[in-house]
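Asks: If you scroll down you'll find the structure; I have some questions about it.
Read the figures in this text as sums done on the coordinates, not as results from a lab. None of the values given here were measured: they were computed from a predicted structure. Note that each Cβ is placed from the backbone with ideal geometry, even for glycine, and that neighbours are counted across all protein chains shown.
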Amino acid sequence: MADSVAAAIATNRFGLGARPGELANVAPDPRGWLLAQLSGGSPPVPGAAALEGSEAILARAAVLREEMRDRKRATADPRDSEEKLRRAAQGIGAYYRPLYVAEVQARFRAAVASDRPLVERLVQFWANHFAVSVDKAAVLGVAGAFEREAIRPHVLGRFEDLLFAVERHPAMLLYLDNFQSVGPGSVLARRATASRRRHGLGLNENLAREILELHTLGVDGGYTQADVTSFARMITGWSIGGGRGRLAEGEPGRFAFRVNLHEPGAQQLLGRRYAQAGYGQGEAALRDLARHPATARHLAQKLARHFIADDPPAAAVEQIATAFERHEGELIPVYRAIIDAPEAWETPLAKYKTPADYIHSAYRGLELPTDGQRAGLTASELLGQRTWSPGSPAGWPDSAADWDGASALLKRIEWADAVGARLGDRRDAQRTAPAILGGMLSKKVSQAIARAASGAQAVTLLLTAPEFMRR
Amino acid sequence: MNHIRIDRRRFLAVAATLPLVSRVAFARAASVPDARFVFILLRGALDGLATVPPCGDPSYAGLRREIAIPRPGEPNGALALDTTFALHPGLPFLHECWRAKALLVAHAVATPYRERSHFDGQDVLENGGVRPNAFASGWLNRALTALPQGRPGSHGETGIALGQNLPLTMRGPAPVASWSPSRLPAIDDDTLTRIADLYARDPVLSVRLADALAADEVAQGASMETAPRGGGARYLETLRAAGSFLAREEGPQVAMLDTTGWDTHANEGGAQGQLATRLGALDTGLRALKEALGAAWSRSVVVLATEFGRTAAVNGTRGTDHGTATVAFVLGGAVEGGRMLTDWPGLSRGALYQQRDLAPTLDLRSVLKGVLHDHLRVSSAALDSDVFPDSSMVRPAKDLIRA
């Protein structure tokens, strides 16, 4: 019995919900099953070969934008093909939307099909820690590529590498505006002042602030407004290649350090002086932030909240932070510390599932087909957690109070009922329930499923059971 | 169209036969004051200097340069309020309210929070204290617990959050439901009954389900049309729903709506552009709220507030960064309006907070306390100690509400 509880926790809390048959494999050694998933590097998204990279996407968007400008500038040029005009007229949104849908679907399939669900959960965790939100139109087409390129390859590596991959990625530079942040004393700004074309040239502190507050130190990490401003100066020039006019240099769609935008001179951050010239200045500061003790504590707190409880025990947070510092930001030892924390294995289940958790676990547990074009996206919209749209750089919240609303519960029930109706008698919930909930399945739920009026209703009862709402 | 899922008889049947007791008691005795209150949270730090531009301040145009809102009378000009202030041209409904003396504009207003994190700033605005994470409940929920009791044995007055989940402002001991339109098919009585039975001994799920059914029961009596999609419709559906809930005699007294997207770091625009589009959608939504409230508009107060303002000067990317003081709106048929609530600090360099932001001269809690006291009749003692703990030095703003 104890093993079947531990297996249920391993597959539900650490994984994305058990698939039938999984619990039996896990039960002999739940911790070993989790640890084994951490070796072998990050698996790519199935079907990634069919998805475009951010560089190609952004280069294509730049071409489309240019076509639109051409069209505006001159009335229709007879040499332009009909197709070119049509595409330009539809705009970037029309190009981005299908990319977004395909990326959501690929990610959704990866979550439902994965044999290493802990790794998928970690990808989701870090993508949310370094959130971009597609309600900003500029990132709609690249949110998926951002996760595949900047997050996924590094979740089993070092935090520092993850951090650099994120902050240099065009999606983040677009989302938090840094690509166009200009040092007030930079070559470009001085030139513009001389020619009195200064408007729209200057510092934007958005990315600098969120790196300090959200990505590294945390809001209580001891920085001031002066730190935010000087860090923003240090990363002026961290931009994206391509573009027009003064932004014409660099490879389109790739990270580019634009020295002309960079604020010259030494800067102070957290009492330390950074006198490096150019890119090296921001690089040195970001490296120090990655290794700062406040960063270790901030990340440990978030990981513990995700894997242990909304208000995690201080001892567990401390152990995770210690692992982070001792191993200099190597992430696998950090995950080991979480798996080793006894509090992570306690019942009753402490975490209320987010809508994404709920959907993934339902699809896995009932082996629902994922072949629709928009299956995952539609479910995420209906249940209130549209993929990659947390609406703010803080990402989605991670506590029960944020997700257990009355209306949200009724939506889950209605969705579960629709799943039941669609499956009818094609799933045997009576057999599935113990196979996916193991030792967490209560007698009450098991009886209710056995006494259901139909196969469809039995599925609905399984998906709405209290033990299926939590992990 | 929205599904009407649970008729009254069915709700009563389900609720009565089950170990489910909703904390939400929407039915009220006639003796209870029929004041209505809507709180709209604008997340992301609304630019008060674009929303209510101080066109008459000599420093305004120079600070805002290419994103300054043109003066009243100029092409795309702002809508005049007085000799100093005007409304963004995307807010014609609010301007109508102003002329009808149903709008108060608080300017240079701020919560007690003085840092510049959205998330901590919102937490302070929502928890009603002076520090982030000071309380796990919100000021509006605690105000609900302090409302005059309707009748003996009543569960107390109630509120509703428009959305799937409860924002912190609405969390706490008072019974509050959440409601959002459903695009999923109805669930049958028998299945619902069985699910309710599964939740009987779960202290969270049983309450949530009962609250959801109670809210649905009210919703089905109101006309809840699904709004058309599109930019201008962003807030139509939910604000119309809020109005429909509050318009019903047995409906809740207080509603809250959460909005996002006010964080304008780049390409904010002026009279037209990104922020203008959002303000226009909000204005359209507020008009729909007034229409849905119908006769109840005359008994209603709507407050709109944001976590903090934005830099006084335009930044390097035609936007504005995180700042300090900003605007708040108090509107509704019950408002003694047509006035600015401000001790305007000015925008000269020396007047700016930390040489960068509009300086705060009015505590947002003072405005909220004035409304809660005079409109919802929350006692001063409760406001000072419970709703906004340790705030006795923050006096409620007077005469916000029509006598």
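Asks: Report Rg (one decimal) and Dmax (nearest whole number) for the stretch B:55-211, counting Cα atoms only, units Å.
Replies: 22.8, 69
Asks: Now for a different question. Taking the Cα centre as origin and putting +1 on Lys and Arg beta-carbons and -1 on Asp and Glu beta-carbons, what dipole magnitude results for chain A, to the nearest 20 debye? Each step should come with its number before you reach the end.
Replies: On the way: 59 positive and 53 negative charges, 249 e Å.
The calculation lands at about 1200 debye.
Asks: Using the Kyte-Doolittle scale, which helices in chain B average at least 0.0 and also have C-alpha atoms spread 15 Å or more along the helix axis, with helices defined as whole DSSP H runs?
Replies: B:203-221, B:236-247, B:274-293, B:364-374
Asks: Once you list every other residue whose beta carbon is under 12 Å from the beta carbon of residue B:166, what net charge do they have if Lys and Arg are +1 and Asp and Glu are -1?
Replies: Working: positive: B:171, B:208; negative: A:402, A:404, B:126, B:211, B:258.
Local net charge: -3.
Asks: Restricting to DSSP H runs of at least four residues, report the calculated mean residue ellipticity at 222 nm for chain A, -39500 (n - 2.57) per run over all residues, nearest 500 deg cm²/dmol.
Replies: -15500 deg cm²/dmol
Asks: Evaluate the charge dipole of the protein assembly as shown about its Cα centre and quote only its size in Debye, nearest 20, assuming +1 on the Cβ of each Lys and Arg and -1 on the Cβ of each Asp and Glu.
Replies: Here the size comes out at about 1320 debye.
Asks: Could you order peptides A:277-287, B:262-272 by the average number of other Cβ atoms within 10 Å of their residues, highest first?
Replies: The peptides rank, most packed first, as B:262-272, A:277-287.
Asks: Then there is this: On alpha-carbon atoms, Rg over Rh for the stretch A:218-312 using Kirkwood Rh?
Replies: A ratio of 1.10.
Asks: What does the charge add up to near residue B:58, with Lys and Arg as +1, Asp and Glu as -1, over the other residues with Cβ less than 15 Å from its Cβ?
Replies: It works out to a net charge of +3.
Asks: Quick one: B:357, B:321, B:120, fewest Cβ neighbours within 10 Å first, how do they rank?
Replies: With the fewest neighbours first, B:357, B:321, B:120 line up as B:120, B:357, B:321.
Asks: About its Cα centre, how strong a charge dipole does the stretch A:386-471 have in debye, to the nearest 20, once Lys and Arg get +1 and Asp and Glu get -1 at the Cβ?
Replies: Taking the Cα centre of the stretch A:386-471 as origin, the dipole is about 260 debye.
Asks: DSSP loop chymotrypsin sites (Phe, Trp or Tyr not before Pro) in the stretch A:346-431 with at most 11 other Cβ atoms within 10 Å of their Cβ, which ones? Please report the intermediate quantities before stating the final value.
Replies: On the way: sites: A:352, A:358, A:363, A:388, A:403, A:415; in loops: A:388, A:403.
Nothing satisfies the criteria.
Asks: Only loop residues by DSSP count here, and only those with at most 14 other Cβ atoms within 10 Å; note down the trypsin sites (Lys or Arg not before Pro) in the stretch A:338-375 that meet that.
Replies: The qualifying sites are A:374.
Asks: Please give every one of the lysines within straight-line cross-link reach of residue B:398, meaning a C-alpha to C-alpha distance under 28 Å, and leave out same-chain neighbours fewer than 8 residues apart.
Replies: B:101, B:290, B:369
Asks: Just counting partner chain Cβ atoms within 10 Å, what average do the residues of peptide A:171-180 show around their Cβ?
Replies: What the average comes to for A:171-180 is 2.
Asks: Just to confirm the filter: which trypsin sites (Lys or Arg not before Pro) across the stretch B:191-222 are DSSP coil and have at most 15 other Cβ within 10 angstrom of their Cβ?
Replies: Answer in residue order: B:201.
Asks: List the aspartates and glutamates whose Cα sits under 18 Å from the Cα of residue A:444, skipping any in the same chain fewer than 8 residues away.
Replies: A:428, A:467, B:190, B:197, B:202
Asks: Report the net charge of residues surrounding residue A:291, where surrounding means a beta-carbon distance below 9 angstrom and charges are Lys +1, Arg +1, Asp -1, Glu -1.
Replies: Numbers: positive: A:287; negative: A:160, A:288, A:325, A:328.
That sum, taken over residues with Cβ under 9 Å, equals -3.
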